[in-house]
1. Do we have any residue at all in region 406-426 that's crowded, with 20+ Cβ neighbours inside 10 Å, within 22 Å of M345 (Cβ to Cβ) and not charged (D, E, K, R)?
2. Of everything in region 213-242, what is at pLDDT 95 or above, of a type outside the set (A, V, I, L, M, F, W, C) and within 14 Å of F319 (Cα to Cα)? Give them in sequence order.
3. Just to be sure I understand, how many residues within region 670-702 are part of a loop (DSSP other than H, G, I, E, B) and within 14 Å of V732 (Cβ to Cβ)?
4. Does Y697 satisfy the criteria of being closer than 30 Å to D594 by Cβ and surrounded by fewer than 19 Cβ atoms within 10 Å (Cβ to Cβ)?
5. Would you say A47 is at pLDDT 95 or above and part of a loop (DSSP other than H, G, I, E, B)?
6. Restricting attention to region 614-653, and to residues there that are of a type in the set (V, I, T) and within 21 Å of Q602 (Cα to Cα), which single residue is surrounded by the fewest Cβ atoms within 10 Å (Cβ to Cβ)?
7. Among the residues in region 271-278, are any assigned by the TED database to the domain that holds A322 and crowded, with 19+ Cβ neighbours inside 10 Å?
8. If only one of D667, D680, D647, D620 is among the charged types (D, E, K, R) and modelled with pLDDT of 95 or more, which one is it?
Amino acid sequence: MRAFIYTLLFILSFSANAQINQSKGDFEDKFRQLDEVLPTANSYRTASGAPGNEYWQQQVDYFIEATLDEENQRILGSERITYTNNSPDTLNYLWIQLDQNRFQNDSIARSSETAGSNDRLAFSTLRRERSFNDFQGGFQISRVQEVRGNDLNTQINGTMMRVDLNEPLESGDSVSFEIDWEHNIINQSILGGRGGYEYFEESDTYQFAISQWYPRLAAYTDYDGWVNKQFVGTGEFTLEFGDFEVHLTVPADHIVASTGVLQNPNNVLTDEQQDRLEQAEDSATPVFIVTPEEAIANQETRTDETVTWIFEAENVRDFAWASSRKYIWDALGHQQENADNPLVMAMSFYPPEAEPLWSQYSTHAVAHTMDVYSRFSFTYPYPVAISVNGWERGGMEYPMITFNGYRPVEDEETGELTYSRRTKYGLISVVIHEVGHIYFPMTVNSDERQWTWMDEGLNTFLQFMAEREWEDNYPSRRGDPANITGYMLSQNQVPIMTNSESVLQLGNNAYGKPATALTILRETIMGRELFDFAFKEYSERWMFKRPTPSDFFRTMEDASAVDLDWFWRGWFYTTDHVDIALSDIREYSISTQDPDIEFPVQREEETAEPVSLTQIRNEDLSKRVEEFPELLDLYNENDEFTVSNADRNEYTSFREGLEDWELELLDQSIAEGLMIYFLDFENIGGLVMPLPLRIEYADGQTEDIMLPAEIWRRSPHQVTRMVLSNQPIVAVELDPLQQIADADRNNNRIPQQIQRSRIELYRSNNPARDLMADLLVELEEAETGEEVDTSSEVPLQATGE
């Protein structure tokens, strides 16, 4: 060890009183406990962060029959809902989510959209607005009845429908009722959204990614009652678990991918397809169930016949599906040990336009996600995991099935399909992310409508972990602390703990910042062992249950014995950023206090001081003492560092007055050449953080030390740390591994280093418009082949008129 870090801490402000509300001055307690912010623990949710002994949640089971009208891009459906009231409350009405109503022109989502303030408009934006004007969105509800035939009164309010029960639903009782409905399917490539259809003009075919497609129960919770906040588009979905049986009638030449397990393969798959599926169960690499050649041939077919695919899914909170005659389908068997589902079929469905990218990476990414996520949370809980190329970019998740973007592009000259580095890694990342959502929130059922970060942030963190295990130097966008500093310095931001619909910069706020926070917790504050145990404990505690932020915060502390209230408060409840400066370093050697040693040293130090400009210029001036030498005396012959016997006697008295241990410590420290350094730190950004330091010594060796965040507990703005060393320190760097998201690295090192980079020179070439030259340019022939008038109507010379 080159340095001994003593516990002595020099604080640059006074201590606060025990009661924070009695403190005076400008003291700010960054370590104040969150008890005043978090909800009070109860029998439903304990102070440890675990579900209480009276925890409850509702059960909702669905039987759905639906028909896909491909020609008119429309769905017609009928469903029977069985609602079990496990709450201690009596319910007089139920709330149903009608998410398709978001696409009605008078919806809150449409009416509250804003436009940019510049004088330009994208073609896609104008096309979207015109398409919305022509689109009839939303559910048409034709029947809501009890199963015994009695009508139920309803009231639709935007994306919510209240169903008034004919009899109060007591605690522990169930009610069954039926709804008939239909709605148009949106053109996802034009209108956006989390599902819809895509039209392929070249083959005159469609693919359908169907989500939020049926009336579904809103959640009734212990913490918020009915979660019936309107669906505006950002905050996603809060749903109840249940069992589904779904009958999907589609054109007979379609392939269907869906939540759940196919119940009638003999009716919808060929013998060869079933044999290939069986072969895929034992394969570690993808096996084609529908080959690319078969998919290309299928997209040329047309039929008026239909077939019904039947799927069943147990204990899921939602149901989604995809259908097309264009699909290539591949699969492999993912083996799990010590799991309820030892075999999970990892599968991908994609059109020929997605090749050659998708067959190479999609299903491998599905299996890789389960490998990594299961280690950090719980084994994958369902029998299938599906990735569908539902659109060109982006992604969306549902139980057992995900819709993902990214495709190759066709070269206009050669017709070859190629893809960029960004497209390749974009596909891998989006598949990892969306399949990861089957863990969070499809299994750990957090409230997406309220707290986007609880699923997006935790999932993005695990995505970052999975990307690290895909290959070295994977180009991850989020998770690394260095990548979040720009956002944390930005002006337009709100705390992570902000309702989803009010979040600014959603990607950074709900995905990037919480993922980075968890990375810092794991790597720097808690350490991997404590973090991994606590995170897995949270995941297993809340499988198939509905956690809140306080449950997560409390579990992470409960399972690790690490007080993290300061971290949650700073990272999740404020917009402070990390900018800690190493503002000064002072070096001291221990004085012997022997005047025969110290006075000459002090004389040398003074002599080494630079001579002032005035002294230099006055050197040749005639001095009065030169003219009158009698003015010179003892003080001119002896400087202030001349040693006297009185000084020596004082030194002798000093040593005689020391205790034995004090004298031994003094002599030993001097003999060893002990150096004492004071390191001054300033908290500029506001977030208190640990201080990772790298100390460089004169002999070329380095030492990394970590000062905990608690160093700031009595002074959140400035602190000083003492370091003892028997080797001279030549440099100190704060956060050398960029692990605390420090936004300004220019103040992290003493001595500072020159920042070296390269600058590109360019030729300034922005000539003014030359109308005379422009009028001499020949008009190019239009691609339509139509003849055009190439004559100029403007003379190049003045006519003299």
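The values are calculated or read from the model by the stated rules, or taken from the named source; none is laboratory data. Note that this is a predicted model, so its numbers are computed, not measured. We place every Cβ from the backbone using ideal geometry, glycine too, and count neighbours over all the protein chains shown.
1. no
2. Correct list: Y214, P215, R216, E240, G242.
3. Residues of region 670-702 that are part of a loop (DSSP other than H, G, I, E, B), as a first pass: 673-674, 684-685, 687-690, 698-701.
When the remaining residues are screened for being within 14 Å of V732 (Cβ to Cβ), the result is 698, 701.
Total satisfying the criteria: 2.
4. Against the criterion (closer than 30 Å to D594 by Cβ and surrounded by fewer than 19 Cβ atoms within 10 Å (Cβ to Cβ)), Y697 qualifies.
5. Considered against the rule, which asks whether it is at pLDDT 95 or above and part of a loop (DSSP other than H, G, I, E, B), A47 comes out as yes.
6. Applying the first criterion (of a type in the set (V, I, T)) to region 614-653 yields 614, 616, 625, 642-643, 652.
Keeping just the survivors that are within 21 Å of Q602 (Cα to Cα) gives 642-643, 652.
Details: T642: 13, V643: 16, T652: 11.
Ranking the candidates gives T652 first.
7. Yes, region 271-278 contains a residue that is assigned by the TED database to the domain that holds A322 and crowded, with 19+ Cβ neighbours inside 10 Å.
8. Numbers: D667 fails: modelled with pLDDT of 95 or more; D647 fails: modelled with pLDDT of 95 or more; D620 fails: modelled with pLDDT of 95 or more.
Just a single option satisfies the conditions, and that option is D680.
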